[in-house]
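The values are calculated or read from the model by the stated rules, or taken from the named source; none is laboratory data. Quantities reported herein were computed from a predicted structural model and do not represent experimental measurements. Cβ placement follows ideal geometry from the backbone for every residue including glycine, while neighbour counts extend to all protein chains displayed. Side chains included, ligands, DNA and RNA excluded: accessible areas come from the protein's heavy atoms. Shrake-Rupley method; radii C 1.70, N 1.55, O 1.52, S 1.80 Å.
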Amino acid sequence: MLYADIILPLPIPGTFTYAVPSEWKETVKTGMRAIVPFGSKRIYTGIIVSIHKNEPKHYEPKKILSLPDEEPILRAPQYRFWEWISEYYIAHPGEVYQAAVPSGFKLDQYKPKTEAYIRLSASLADENKLLQWMDKLLRAPKQLELLIRYLEISEFTKTKSIHPVPKKQLLGVKNRFSPSALNGLVDKGIFEIFQQEVGRLKESDLERENAYPLNASQQKAMQEIEKQFNDKQVVLLHGVTSSGKTEIYIHLIEKVLAEGKQVLYLAPEIALTAQLTTRLRRVFGNKLGVYHSKFSDAERVEIWNNVLHDESYEVILGVRSSVFLPFRKLGLIIVDEEHEPSFKQYDPAPRYHARNAAIVLASLHGAKTLLGTATPSIESYHNAKIGKYGLVELHERYEEMQLPEILVVDMKEAYRKKQYEGHFSDVLIEKINLALQQQEQVILFQNRRGYAPFVECKACAYVPKCKNCDVSLTLHAAANTLNCHYCGYVERLPQDCPSCKAPDLRTRGFGTEKIEEEIKQFFPDARVMRMDLDTTRSKKGYARIISAMERRQVDILIGTQMVTKGLDFEKVSLVGILNADNLLSFPDFRSYERAFQLMAQVSGRAGRKHKKGLVVIQTYSPDNSVIQQVVHHDYQAMFDLQIQERASFQYPPFYRMIQITLKHRDFKVIDQAANELAATLRTAFGSRVLGPAAPLIARVQNQYIRQILFKFETAASVKAARTTMLDILSKLNAQPEFKSVRISCDVDPY
């Protein structure tokens, strides 16, 4: 009897053994889907990860109900990658399966898309018989006209062979030809109607062109990358904004494709894939596949199958989930904007970092990894400096473009001297006005969406808060609602204060909606668009905004950090950073690093071609070290300062971290559980354990939260530490009073 170990898409440990019915013993393979019963009434689609003859000793295995595929959907290197993700990021195999595989594969939800096609009856392939029928149709001129149209579209007269034609194409726009004429031809046996499977993914109609030639600096950088790949698995390309890193990527991709291998190009945001898709598709045409969450499940299944079955996709452009695709012969992974926090998955598990996972994935395939950015993460630059990664640096902008000039506006002085209007200094308003007069574009960066972060009663200082979370509600003026950005709770904006009934609720702070309103008041003739989570929810939201910017249908683009991520707009001459202090004051050891990266990246959007750009930074802390490092484009100074602090305070890259989060609806239970867990962990690991502490938002969705931080030296045995830690966690959860406490682990948090 054959048995199969199967992963189920559930947050439970390990795999489950099922019996393979005798009729499938010759066809069953690892990597196949299997429909199996679980529990008393449930049925799941699992993945077979091993086949053997070892009957389980402690239970009688249930039988596999069906095998929906003839071939595996999972390759061997993929499963090894899943195992690494599961072990390193402390996630159950089923959680990895849930994250990795499109939902359309689960319980046979995927249905191929079909379309009605028309073909000539095989009996009319004889031209004489066809002519006889055409004579008979002289009395039915509409049917004859439709038959002639089919013969033209299918090119029957040229090829003398029968080719199907889509029904929609045959009948023409708005059914120019009558469906009744078509039905008449079907009734006479002249036409046959049938359903044919068609792809959901549109093929590119862009005219292909050669990659742009590299200039001397780019050529030198590319040669250095190839040289370093001889003895390094990973190379960091540190190139200033607008240095032409994307063109280097394109030339490297061409070389890898010429070797018959595949390339994965990881981008941090869907916003960036929209612009990159056009650039890459012009060179690689239909060899390029795009994979991200805005595609439907059915579309993602088609991309998966295309990559799996040796079809057309040789280059995949995607966001973090693309690391799970079933690559056949991966040769290169490019991680663009490798510093971006968007590469980190926070919830649900597995809480993986796509950059780090990509490096492991590449090694499993014998491929190379290229990390590219203008502002490297502290960890990546440190790894390059100590020789773990190769390092190639590009200090010149493309076509000798100059780095932008950066003006810092002291908002304390501006308010003291009344040199401001709304949330804009006089300096920024003057520069926006000048840019518009010269028919140039402007980007304004404010890292908060909504109209205002909160509203407050002037009389009693009441602030409306979420009923489920310990957080104030954000005003969204367009809908006149107060929204929670953590749980989605929404309520109408009250007319009067719910506490003292005073009719004096005032907004505090400002978000992108408020900036949009003020800009339209200051510049009524300007064409304004906003790019944030609220305006990009639809599948084509990003592409619509980016296309409008490229076509110069927008004068001023207001956005959150989405606008900082490598977008390239030729006519942007001015960038305004409206509130730099928000970035500097976040309670996180990475706040200065992230602030530098965001400001440097958004500054890089200014002066993209043939003209020096201008950046205006509004801040109450003009002498802050990070502000000054941004002004002088001095990444090295930021790195040197941060790496000293990281070493002093035992942070990455010198220490690894695991954040343990506990959640429960009862405040007393969560406090008791967190204190007991921290004490037990401290007994095992000493001062490496910090906490417990309440996070900044201490209650979300009616769950109280406590966190414990576990730090350990980079040289320490991660595996041994994890094993001991997981044993302690499982013993806590086994206690009756703590059984309902939810515990999760985040390896390499932040």
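Computed packing ranks the peptides 448-461, 160-173 as 448-461, 160-173, most packed first, by mean other Cβ atoms within 10 Å.
Looking at the range 48-84, the trypsin sites (Lys or Arg not before Pro) that sit in a DSSP loop and have at most 11 other Cβ atoms within 10 Å of their own Cβ are LYS53, LYS57.
Computed with a 1.4 Å probe over protein heavy atoms only, the accessible surface of the chain comes to 46 Å² per residue. How charged is the neighbourhood of ASN702? Take every other residue with its Cβ under 12 Å from the Cβ of ASN702, and add Lys/Arg as +1 and Asp/Glu as -1. In short, +2. Note on the range 53-104: with charges restricted to the Cβ of Lys and Arg (+1) and Asp and Glu (-1), its dipole about the Cα centre is near 160 debye. Taking the Cα centre of the range 399-487 as origin and assigning +1 to Lys and Arg Cβ atoms and -1 to Asp and Glu Cβ atoms, the resulting dipole is close to 740 debye.
Here the extension length gained between ALA716 and ARG119 equals 208.0 nm, from 0.36 nm per residue of separation less the Cα-Cα distance. Applying the criteria of a DSSP loop state and at most 12 other Cβ atoms within 10 Å to the chymotrypsin sites (Phe, Trp or Tyr not before Pro) of the range 21-75 yields TYR59. Taking 32 Å as the limit for the C-alpha separation, the pairs LYS431/LYS458; LYS539/LYS571; LYS465/LYS739; LYS63/LYS261 exceed it in the case of LYS431/LYS458; LYS63/LYS261. SER499 exposes around 80 Å² of accessible area when a 1.4 Å probe is run over every protein chain in place. Taken about its Cα centre, the range 24-121 carries a charge dipole of roughly 240 debye when the Cβ of each Lys and Arg holds +1 and the Cβ of each Asp and Glu holds -1. Label zone of GLU676 (point 7 Å out along Cα→Cβ, amide N under 20 Å): in the range 717-748 this covers 724-745.
For the range 251-289, the residues whose amide N sits under 15 Å from a probe point set 7 Å from the Cα of LYS329 along the beta carbon direction are 254-264.
Applying the criteria of a DSSP loop state and at most 16 other Cβ atoms within 10 Å to the chymotrypsin sites (Phe, Trp or Tyr not before Pro) of the range 307-407 yields TYR346. Distance between the pseudo-spin-label points of LYS539 and PHE667 (7 Å out from Cα toward the beta carbon): 4.7 nm.
Estimated at 0.36 nm per residue, the fully extended path between SER50 and GLU413 surpasses their Cα-Cα distance by 123.8 nm.
Inter-label distance, LYS62 to ILE697: 3.7 nm, where each label sits 7 Å from its Cα along the C-beta direction. Structural descriptor for the range 678-750: relative contact order 22 percent, calculated from alpha carbon pairs under 8 angstrom and at least 6 residues apart. Ligands, DNA and RNA left out, the 1.4 Å accessible surface of the range 285-391 is 47% carbon and sulfur atoms. Across the range 236-322, the mean sequence separation of Cα contacts (distance under 8 Å, 6 or more residues apart), normalised by length, yields a relative contact order of 37 percent. Given their separation in residues at 0.36 nm each and the Cα-Cα distance between them, GLN195 and PHE38 gain 52.9 nm when the chain is fully extended.
In terms of accessible area, using a 1.4 Å probe and ignoring ligands and nucleic acids, THR277, THR714 rank largest first as THR714, THR277. Among HIS632, GLY686, VAL615, pick out the residue whose Cα is farthest towards the positive end of the charge dipole of the range 597-705, where Lys and Arg carry +1 and Asp and Glu carry -1 on C-beta, about the Cα centre. The residue sitting most towards the positive pole is VAL615. Beta bridges assigned by DSSP with both partners in the chain are antiparallel in approximately 55 percent of cases. Using R0 = 41 Å, the C-beta based FRET efficiency linking SER585 and GLU209 works out to 0.30. Electrostatic bookkeeping for LEU583 treats Lys and Arg as +1 and Asp and Glu as -1; over the other residues with beta carbon under 13 Å from its beta carbon, the sum is 0.
Summary value for the chain: 11 percent relative contact order, contacts being C-alpha pairs under 8 angstrom separated by 6+ residues. Dividing the helix sum by the residues of the chain, where each DSSP H run of 4 or more adds -39500 (n - 2.57), gives a mean residue ellipticity at 222 nm of -10000 deg cm²/dmol.
Legend: calculated FRET efficiency, ASP727 to SER648, from the Cβ-Cβ distance at R0 = 25 Å, rounded to 0.05, equals 0.20.
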